[in-house]
């Protein structure tokens, strides 16, 4: 992933920034939900990494997600219903169902996540970047529209990123991101 318009990987020969569909980071938020350390994670065993995955995970994600998303959006005078684009970690069908139900999304919002899961499976943390690439390529949202990227991790942690879509809908894509999140969260990163 390239950061900033000036990075060589963020530029496609012969295209201006306005001609590419990109996503700029506006804000990010990480939450680790107390008491969930045994629900999701990795155990390093004799044969390598073994996933720890509780059957309660979709329930836990669903219970916390709306509050987490609202906390991210409120500082930017947004509500979930004002976000046209959702980039969701394809962690499994039950996780996607929990996200849909918690946020009141329709299946169209999760189409790229479900397709990624169908075609590539759960790619762990890389899953959300796979979904981001497909979402940017297909997005018809106007420039300046907000998008929320989300992923879930060990200990039941939620990673949320508020994005702004740049470039024309249907334009070639670039997964380059701006550095604006560093202005707010900067030293903590």
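The values are calculated or read from the model by the stated rules, or taken from the named source; none is laboratory data. Note that this is a predicted model, so its numbers are computed, not measured. Here the Cβ is made from the backbone with ideal geometry for all residues, glycine too, and neighbour counts use every protein chain on show.
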For this session: For residues that are surrounded by 10 or more Cβ atoms within 10 Å (Cβ to Cβ), over 17 Å from residue 125 (Cα atoms) and at pLDDT 75 or above, tally how many sit in the range 38-57.
Result: 2
For this session: Give the residues of the range 65-77 that are closer than 15 Å to residue 152 by Cβ and surrounded by 16 or more Cβ atoms within 10 Å (Cβ to Cβ), sorted by residue number.
Result: 65, 68, 69, 72
For this session: Output the number of the condition that residue 29 fails; it satisfies all remaining conditions of (1) surrounded by fewer than 13 Cβ atoms within 10 Å (Cβ to Cβ); (2) over 12 Å from residue 155 (Cβ atoms); (3) touching a strand residue (DSSP E or B) at 6+ places or on another chain (Cβ under 9 Å).
Result: (1)
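Which one is surrounded by the fewest Cβ atoms within 10 Å (Cβ to Cβ) among residues in the range 81-113 that are farther than 17 Å from residue 69 by Cα and in contact with a helix residue (DSSP H, G or I) (Cβ under 6 Å, 6 or more places away or on another chain)? Steps first, answer last, please.
As a first pass, look at the range 81-113 and keep what is farther than 17 Å from residue 69 by Cα: 90-94, 107-108, 111-113.
Next cut, in contact with a helix residue (DSSP H, G or I) (Cβ under 6 Å, 6 or more places away or on another chain) only: 90, 94, 112-113.
On the way: 90: 25, 94: 14, 112: 24, 113: 27.
Looking at residues that are farther than 17 Å from residue 69 by Cα and in contact with a helix residue (DSSP H, G or I) (Cβ under 6 Å, 6 or more places away or on another chain), I get 94.
What do you reckon, is residue 156 modelled with pLDDT of 90 or more and either within 10 Å of the chain's Cα centre (by Cα) or closer than 27 Å to residue 36 by Cβ (or both)? I'd like the intermediate steps shown before the answer.
Values: modelled with pLDDT of 90 or more: no; either within 10 Å of the chain's Cα centre (by Cα) or closer than 27 Å to residue 36 by Cβ (or both): yes.
Here the answer is no, as residue 156 does not meet what is asked.
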Exercise. When residues of the range 1-37 are filtered for being under 23 Å from residue 131 (Cβ atoms) and at pLDDT 70 or above, how many remain?
Worked result: 14
